[in-house]
Amino acid sequence: MLYPKGPSGWGRFTPAIAFVFFLGCSSSASQPAEPTPSTPEPQGATPAPTAEPSPAPPTTAEIETYSAGEFDNGKMWTFEYAPLEYFRDEYGFSPDSAWFAKARLGALRIEGCSASFVSPSGLVMTNHHCARESVTEVSEPGENLLDNGFYARSLAQERHAENQQADQLIAIIDVTDEINTAIAGATSDAQRGQLLEQAQESVSQRIADERGGSDANTVVEVIELWNGAKYSAYVFRRYSDVRLVLAPELQIAFFGGDPDNFTYPRYNLDMSFYRLYDDGEPVQTDHYFTWSETGASEGDAVFVIGNPGGSSRLQTVSQLEWRSAAYDIVVADLLASRAAIYKEYADANPEEAEELDLRNQIFSWLNSEKAYRGMWEGLQNPEYMGRRRDTERQFREAIESDPTLGAEFGGLLEEMAGIQQQRIDLADEFGAFVAFGNPGFTSAVMVRAIGAYQYLVLESRGAPQEVLSQVQDQLLSVADQPPELQRGLLEARFDNIELHLGADSPIGSTVLQNSTPEEAADAVLAHSVLVDSAGAAAAFEAGAITLDDAAVQVVAAIFNTIAAYQSTFQQLDEQELAVAAELGRAHFEIYGTKYPPDATFSLRIADGVVKGYDYNGTWAPAHTTFYGMYDRHYSFGPDSEWDLPENWLKPPASFDRSKQLNFVFTADIIGGNSGSPVVNPELEVVGLVFDGNIESLPGDYIYDPAINRAVAVDVRGILEA
């Protein structure tokens with residue numbers, strides 16, 4: 001399944017997740033304070049060897065033998081800058097404004113995914129993995145709809161998914177000049193960011209008010225294109241009454257599980273259906289995609305109408321080098337280790353895990369882990385890095401050959417490289433503290449200890465009782481974790497510190513105290529009053545929260561380093577955004593709309609052809625069938641990832657196993673495209689996007705049409721099912 005991408009939570013770790021999350025309130029008095037004199041101040045960090053050797057980076061000679069490809073920047077075209085000449089030359093296809101309007105209005109964006117209208121009465125198609133949380137949400141006591149599936153045989157049986165909504169893009173407005181005017185007076189990188197955010201909010205609010213605002217269910221977002229070279233206001237009609245109609249069993253919707261994730265051939269019925277309602281009645285619309293009876297054959301042109309979450313194809317080589325040195329692999333390892341801890345708990349406590357909805361969380365983490373690891377492996381590919389270097393060489397030469405461009409944009413690539421080198425210098429701290437304080441990745445005792453340490457420091461500095469009470473309330477609101485989970489997460493954090501900083505470093509020796517991570521975790525849990533919420537509340541009541549608490553001592557040992565590290569990264573983020581914006585302007589000045597902008601979880605159209613590919617010494621066919629699905633079931637046997645639900649073992653006699661189930665095609669997609677309709681030139685649905693192949697994971701920063709493939713459920717398989 002496609003991994004989440006983009007600026008709204010569907011993408012690379014945001015600073016709130018990637019760095020320490022301190023409890024506190026809006027008052028300036030509650031911001032992280034300098035530690036009291038009794039707090040140890042680490043003097044540095046000693047790097048530790050990595051757990052396993054990394055592959056040798058490509059040499060300069062290897063890299064410089066490659067040339068940039070025509071579509072390295074991809075083919076995720078925007079609707080406002082659609083490549084009409086390219087479509088005509090490539091496919092002999094000249095869509096008119098009515099075609100684009102129908103495609104735009106038939107498409108939808110839901111939470112983290114794409115979707116589409118597929119009937120005049122509000123029926124909406126998307127992936128099962130996009131609706132999985134809704135399936136859990138609408139399950140009633142005694143039901144297990146995630147495993148057993150759900151089908152509403154009448155409108156009355158459809159179930160309201162309270163946490164789902166759908167956005168339909170009804171208008172696009174160019175607001176570039178208005179945004180640029182608003183940020184023109186910025187005197188620092190930080191101020192530029194603040195002015196940009198304020199301008200986007202102001203423009204969004206103005207346009208929404210002009211179109212009826214919330215009373216008309218109007219939502220407006222300002223979308224940055226080419227890192228801010230252009231700005232478009234996207235006007236949405238939001239539907240909040242969303243009801244689940246159909247969701248197959250998890251075992252067939254995620255057939256093959258994690259082993260088959262990001263692979264092909266696949267045999268996966270990753271589909272679900274909602275219906276949208278307005279004033280209690282099904283939405284009536286003229287804008288929907290009809291069904292193709294014949295599907296798409298190999299060589300046919302197809303188009304994906306969806307919302308790719310985010311890509312990084314405008315990143316510089318130096319930015320990719322930072323990702324290669326630390327970012328992608330650290331995040332992958334974090335996700336893998338935490339998912340393993342949760343899975344061990346879920347396997348031992350299935351009922352409790354189901355109540356906590358851990359299966360969906362584990363699926364999501366493993367999916368993202370596989371994606372980040374695939375992106376990192378792509379960064380070790382000499383061809384990909386060579387092509388990216390050649391792209392940057394051409395870009396640099398275009399700037400330097402024009403005196404006007406050189407005067408305005410010269411030196412920006414070097415400035416970006418300097419920013420990334422500072423990141424690389426902090427790679428050990430990044431690995432040790434990534435996501436520290438984020439509740440999903442951090443033990444509850446340590447989250448409480450962060451708050452307790454802040455409380456003690458603020459109290460020693462005479463902070464008002466109102467501020468102290470707010471910090472205390474936040475600390476006491478931290479939910480308890482099952483003991484096995486808490487212990488596993490605490491040990492994993494100590495593992496991170498030992499691996500990246502070293503047991504003999506000032507922080508490592510203070511935190512671990514010559515113990516193993518396992519022993520250190522046991523010691524904290526045995527001697528801290530913050531292990532559970534009841535103990536923390538009692539300790540506050542008795543005035544027993546002190547710097548001597550075992551968990552608070554850990555926070556005190558790392559606070560100084562982690563606060564400085566966080567502050568530095570925030571400054572680097574601000575600098576990077578400012579330089580990237582200028583590079584985006586330079587890119588647009590040179591190339592215009594020739595290359596599409598990076599994905600932004602906004603509506604795009606991606607073209608391609610149905611086509612198999614070479615892999616693993618053999619050939620992946622363009623289509624798979626239900627026959628292959630049954631073969632996988634009987635080949636791997638029961639209790640495997642390919643064990644079919646009982647209902648599918650005895651299908652009706654009329655069930656046609658020869659129907660196409662999945663297919664691959666060359667369209668450029670990325671996370672956020674999950675649930676996108678695949679249509680033919682007549683705007684008939686021929687498939688439903690749900691995955692990419694493993695070779696497409698480096699597509700975050702380079703598109704390779706030779707081996708990148710999107711994977712879709714075939715319309716013929718959907719109708720047969």
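The values are calculated or read from the model by the stated rules, or taken from the named source; none is laboratory data. Small disclaimer: the values here were computed from a predicted structure and weren't measured. Here Cβ is always computed from backbone atoms with ideal geometry, including for glycine, and neighbour counts include all displayed protein chains. Surface areas here come from the heavy atoms of the whole protein model, side chains and all, with no ligands, DNA or RNA. Shrake-Rupley method; radii C 1.70, N 1.55, O 1.52, S 1.80 Å.
What to note about this one:
- Length-normalised contact order for region 472-578 - Cα pairs under 8 Å, 6+ apart - percent: 24
- Radius 11 Å from Cβ of ALA706, net charge of other residues (Lys, Arg +1; Asp, Glu -1): -2
- Cβ-based net charge around ILE172, under 14 Å, with every Lys or Arg adding one and every Asp or Glu removing one: +1
- Carbon-plus-sulfur accessible fraction, the chain (probe radius 1.4 Å, protein heavy atoms only): 48%.
- Database remark: amide H of PHE665 closer than 5 angstrom to the amide H of LYS611, ALA710 (H placed geometrically; neighbours at sequence offset of 5 or more, or on other chains; Pro and chain starts carry no H).
- The amide H of SER505, built 1.01 Å from its N in the peptide plane, has THR46 as neighbours under 5 Å, considering only residues 5 or more places off or on other chains.
- In a fully extended conformation the segment linking THR546 and HIS287 would gain 86.9 nm over its present Cα-Cα distance, using 0.36 nm per residue.
- Pairs of Lys residues in the chain are counted when their Cα atoms are under 20 angstrom apart and they lie 8 or more places apart or on different chains; the count is 9.
- Of the GluC sites (Glu not before Pro) in region 644-721, the ones in a loop by DSSP (not H, G, I, E or B) with at most 16 other beta carbons within 10 Å are GLU682.
- The string of couplings for region 624-630 from the Karplus curve (6.51, -1.76, 1.60, θ = phi - 60°) is 10, 10, 4, 4, x, 4, 5 Hz, one whole number per residue in order, with x for Gly and Pro.
- The simple spin-label model puts a point 7 Å past each Cα toward its Cβ; for SER97 and ALA706 those points are separated by 4.2 nm.
- Each of GLY612, THR546, LEU146 was placed along the dipole of the chain (beta-carbon charges, centred on the mean Cα), and the one lying farthest toward the positive end is GLY612.
- Residues in region 698-721 reached by a label modelled at GLU383 [backbone nitrogen below 16 Å; 7 Å Cα→Cβ]: 698-709
- Interchain or long-range residues, amide H under 5 Å from GLY687's placed H: VAL678, VAL715
- Check: the chain dipole with +1 on Lys, Arg Cβ and -1 on Asp, Glu Cβ, in debye: 1040
- Two-site label geometry, THR136 and TRP619: point separation in nm, points 7 Å out along Cα→Cβ: 4.3
- Surface per residue (accessible, 1.4 Å probe) for the chain, Å²: 41
- Sparsely packed chymotrypsin sites (Phe, Trp or Tyr not before Pro) within region 646-710, loop by DSSP, other Cβ within 10 Å at most 15: PHE655
- Summary value for the chain: 28 percent relative contact order, contacts being C-alpha pairs under 8 angstrom separated by 6+ residues.
- Contour minus Cα-Cα distance for GLU354 and SER658 (0.36 nm per residue): 105.9 nm
- Cα-based helix-to-principal-axis angle, 328-348 vs the chain, degrees rounded to 10: 90
- The candidate values are [x] 37, 31, 25; [y] 41, 33, 27; [z] 48, 33, 24; the one derived from this structure for semi-axes √(5λ) of the Cα gyration tensor in Å carries the label [y].
- Once the chain from THR516 to GLU646 is taken as fully extended at 0.36 nm per residue, the excess over their C-alpha distance is 42.1 nm.
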